[in-house]
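Undergrad: The structure is given below, and queries will be raised subsequently.
The values are calculated or read from the model by the stated rules, or taken from the named source; none is laboratory data. Everything numeric here is computed off the predicted structure, so don't read it as measured data. Cβ placement follows ideal geometry from the backbone for every residue including glycine, while neighbour counts extend to all protein chains displayed. Ligands, DNA and RNA are stripped out before the accessible areas are found, and what is left, the full protein with its side chains, is counted by its heavy atoms. Shrake-Rupley method; radii C 1.70, N 1.55, O 1.52, S 1.80 Å.
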Amino acid sequence: MTLKANQSGQRQGTTMGAAMDDARATQGSQQASGGQSNYEAEQMQWGFRGMGGMFDLPAAADTQSEVLTKSISILKTDIGQLQDQTFEITLEGMDRENPNLNISASVLVLLVQRKRAPQNGIGYHTMVLAASTPEPGSKTVLLPNNKSVDLKETVGDLFDGVMRAEIHRELSRLYPGVKLFAGEARVVPADFKWDDQGAVKNLRAEVVTAAGMTLIKNEPNFEDINLRKLKKDNSLSVNTAFGQPQIINSVGQPVRGDIRVTFRTGTAPRQGEQDSANVQKVQDLSSIAAYIDLIHLRQASTNPYLPPQQQAQYGGQQVNPNQFKQFIARLVITRMRSTRAPTLNQQLLSLLTCYTLRKPGAWYPNFKPNYHMGREKDIDLKDIGVIGLETMPNPDGSGGFIRVPTKVDSFTPQALGMLLHATVQEGLVVSLDVEECGEDTWLNSIFADAAQTQDSVAREKAYSTLYGAVDWLTDGEFAKLFTKGEIICFNENNRIQNGFYTGKGGERADDRDLDLLAMYNLMGDRDIKVPRDWNDSFILSDFPIEQRLDARLALMHQLMPDLKITGYSRRITFTDKFLQAFTHAAEKTGLQVREVNAFNDTQGYEVPTYRFADQALGGYQNNNLFTQGAMSASGGQQMRPTGRWG
């Protein structure tokens, strides 16, 4: 493995500093002859952008260059310990203080190239060093009503079209005639622990994977996976687990993931059996981290999931609005990963596994009571009983609504199922938070590109790529069920603030802990308008996104005083028609997957099917792709879970 590290802009034969030294050597003679001083000439040459570079200072005075130099040195040492006969890895540093580069933060670019096929080009991934630039402030946005709001900016916002173009231009200068493939960027926070070898190795592995896969997928002989071409595997399973802890990503930031859906191959030995080298061991193929959020339908006419009428229609018959099920459940995917070398089709296969949660009642265990929370001073942010404040009239006839008590013995799994069935509509909306500049951007940005509405050319390109990938994955079956041009996913005009606050035990926690249910639990008893306003900041898409972000951030700061916003995500929602077609297309290829512990030892509560003329909310259609039960280590009898919600 060959390493090359330099700070771009200082590799030329004559650097700016050297030129300054030469110029100043003649300064005295110029002044003595009455000519224009060198400083005057420099001001005319460099102008305002370059005036900070007119005067040389000791290196110790430049903290930005120090950050860049340290990060290059540490990553160079780490990568140098590896032996790779196939790929050449190069590091390029670009300093924000270089007047020849129009970048607002120093960046470290990792490039990957095949040693024996350099003609295939270079894949690269950019690390934006937050410690190299002052903390961004806010920008004032003028609203259509002539009012203005201040929108919080983050380091990730600096990685815009200008910076992208500047980085690519500089790399083209450094590698003339070489094909360059950009693999997005991530922000390395200012407090990243560069002295922690484990943290550095995790970051290196992530960035090398991003750059390497960017190269591989652009090589002429690349072919993504096709389900019919894969060797048949009878040991495939999907495991769903609830109540999971948060994830710490490659740069030390927390990611909420209450629910984990893991796609696996292989079988585990049965209890009492010894592990054997001759038994195919369990291997994780992909995983999804997610949580269930609720959407309140008080404003049904402006909700993006329902037709524009105030009253719901059940089977064509209008019902009393007071009997309307007021909530919709949404699965928010916060992290979607597949194998060691992820491709788009492997990401799609990972997305497919979440379909198991769309079965009636499959996600109900997510709201099983936590008996260790809420009995003392701690507030249980996930106490589902709080939805009674919108749906449960006070039984004493005094008016108003009350919480449903959940920390009591009488609140059985059956009672939980009845509560959710009575208040939450059938089906499950599936959304994906796509980071604008984060560790998963390179994996999932195509979904955001296919859903965005600002650039029609870019949207059509991303849509065609996505449609073609799904159809290739399912060996042409998808196109038989889903016409090209139909909506795969859409942008809700929602920008999600990513960040952290100090949670229980003093640890950092994902600010997405503050969802609608948490807002009801924190503020519903005191002022029901607060959670309703929070809900509206997501679904009233007719209002400018900047106005809704400002209102949302104000509420977040009230409840999370030490909140730090680190970036933004775009919330992308998949249409029900796409998910249904994708699942059936995969089934037609012969793929079969067992569900293991999908109901956490309980079976889904069967409910009548209520169909809505909407895009995202849909029920579950029976198919043979996902089958219930776990298989024994020897591949024998499937065991169905016992118990029911209802």
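Undergrad: Would you mind working out the accessible area per residue for region 80-153, using a 1.4 Å probe, and quoting it in Å²?
TA: 45 Å²
Undergrad: Looking at region 121-182, send over the antiparallel percent of its DSSP beta bridges, to the nearest 5.
TA: Within region 121-182, antiparallel bridges account for around 60 percent of the total.
Undergrad: Sticking with this one: Could you order peptides 458-471, 251-264, 346-359 by the average number of other Cβ atoms within 10 Å of their residues, highest first?
TA: So the peptides 458-471, 251-264, 346-359, ranked by packing, come out 346-359, 251-264, 458-471.
Undergrad: What number comes out for accessible area per residue over region 378-423 if the probe is 1.4 Å? Units Å², please.
TA: I get 49 Å² per residue for this part.
Undergrad: What is the set of long-range amide H partners of Phe87 at a cut-off below 5 Å, with H atoms built 1.01 Å from backbone N?
TA: Residues meeting the criterion, in which the H sits 1.01 Å from N, are Lys115.
Undergrad: With a 1.4 Å probe and every protein chain kept in, tell me what percent of the accessible surface of region 395-533 is carbon plus sulfur.
TA: 54 percent
Undergrad: Report the full-extension gain for the segment Lys217 to Lys407: residue separation times 0.36 nm, less the Cα-Cα distance, to one decimal in nm.
TA: Length difference between fully extended and current span is 63.2 nm.
Undergrad: Any idea of the accessible area per residue across region 451-599, 1.4 Å probe, to the nearest Å²?
TA: Each residue of region 451-599 exposes 40 Å² on average to a 1.4 Å probe.
Undergrad: Under a cut-off of 18 Å between alpha-carbon atoms, report the aspartates and glutamates in cross-link reach of Lys179, not counting same-chain residues fewer than 8 places apart.
TA: The qualifying aspartates and glutamates are Glu88, Glu92, Glu166, Glu170, Glu219.
Undergrad: Give the cross-link partners of Lys152 among the lysines, using a straight C-alpha distance below 22 Å as the criterion and excluding same-chain residues fewer than 8 apart.
TA: Leaving aside lysines fewer than 8 places away in the same chain, those within reach of Lys152 are Lys139, Lys564.
Undergrad: Leaving out ligands, DNA and RNA, and with a 1.4 Å probe, what % of the accessible surface on region 146-249 is carbon or sulfur?
TA: After summing per-atom areas, the C and S share lands at 50 percent.
Undergrad: Also, I was wondering about something else. So which aspartates and glutamates pass the test for Lys281, namely a Cα distance under 19 Å, with those fewer than 8 places away in the same chain ruled out?
TA: Asp233, Glu273, Glu595
Undergrad: If you don't mind, there's one more thing I want to ask. Which entries in Lys382/Lys480; Lys201/Lys231; Lys359/Lys588; Lys147/Lys484; Lys382/Lys529; Lys76/Lys461 show an alpha-carbon gap greater than 30 Å?
TA: Lys382/Lys480; Lys201/Lys231; Lys147/Lys484; Lys76/Lys461
Undergrad: Take peptides 124-134, 86-96, 166-176 and line them up by average Cβ neighbours within 10 Å, highest first, as a rough protection proxy.
TA: Order by mean packing, descending: 124-134, 86-96, 166-176.
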